[in-house]
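Some notes on the structure that comes next.
Nothing in this text is a laboratory measurement; each read-out follows from the coordinates by a stated rule. In this text the structure is predicted, and so the values were computed from the model without any measurement. Cβ placement follows ideal geometry from the backbone for every residue including glycine, while neighbour counts extend to all protein chains displayed.
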Amino acid sequence: MILNNSYNLVNKITAINKALSCNEYDFYEDIGFVKDLFSSPYNNSVVAEPNVIKDLWLVLFRVFCHDTSYDNKFDAIFAMSDISLYANQREIDIDRSVLKKWRIECNQNDITSEVLEIIDDILAM
């Protein structure tokens with residue numbers, strides 16, 4: 001199962017990277033797949049290999065930073081929250097420093113308080 005999930009996640013990472021270059025893409029299905037895998041805080045099974053999870057974190061951060069759609073940004077940060085919780089439980093070191101830097105430099109007028117709250121929760125983990 002872990003290899004199958006890793007393979008599927010690598011395919012999602014590739015699809016998201018390609019779609020980001022077009023800047024006109026609905027990430028609902030791709031990010032939805034990710035959220036489904038990581039959504040339960042009680043998930044005790046290994047979802048994917050640590051390096052795939054780290055790559056997934058970074059591509060979702062790119063969606064959050066570079067996509068112009070609020071829905072895509074929200075879905076990405078929400079999925080990052082689930083991944084962050086999972087990574088903590090599995091002692092996987094994801095790079096939260098990029099998110100911390102973004103948070104320090106962000107213009108709070110350009111983002112909703114709900115998204116800022118999610119980011120603050122991620123950074124508090």
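Table for the structure above
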read-out	value
Helical segments meeting 20 Å axial Cα length and Kyte-Doolittle 0.0 threshold in the chain (DSSP H)	2-22, 50-66
The chain: relative contact order as a whole-number percent, Cα under 8 Å and 6+ apart	27
Residues Val46, Val63, sorted so that the one with the fewest Cβ neighbours within 10 Å comes first	Val46, Val63
Cα gyration tensor shape for the stretch 1-124, rounded if a/c is under 1.5, else prolate or oblate	oblate
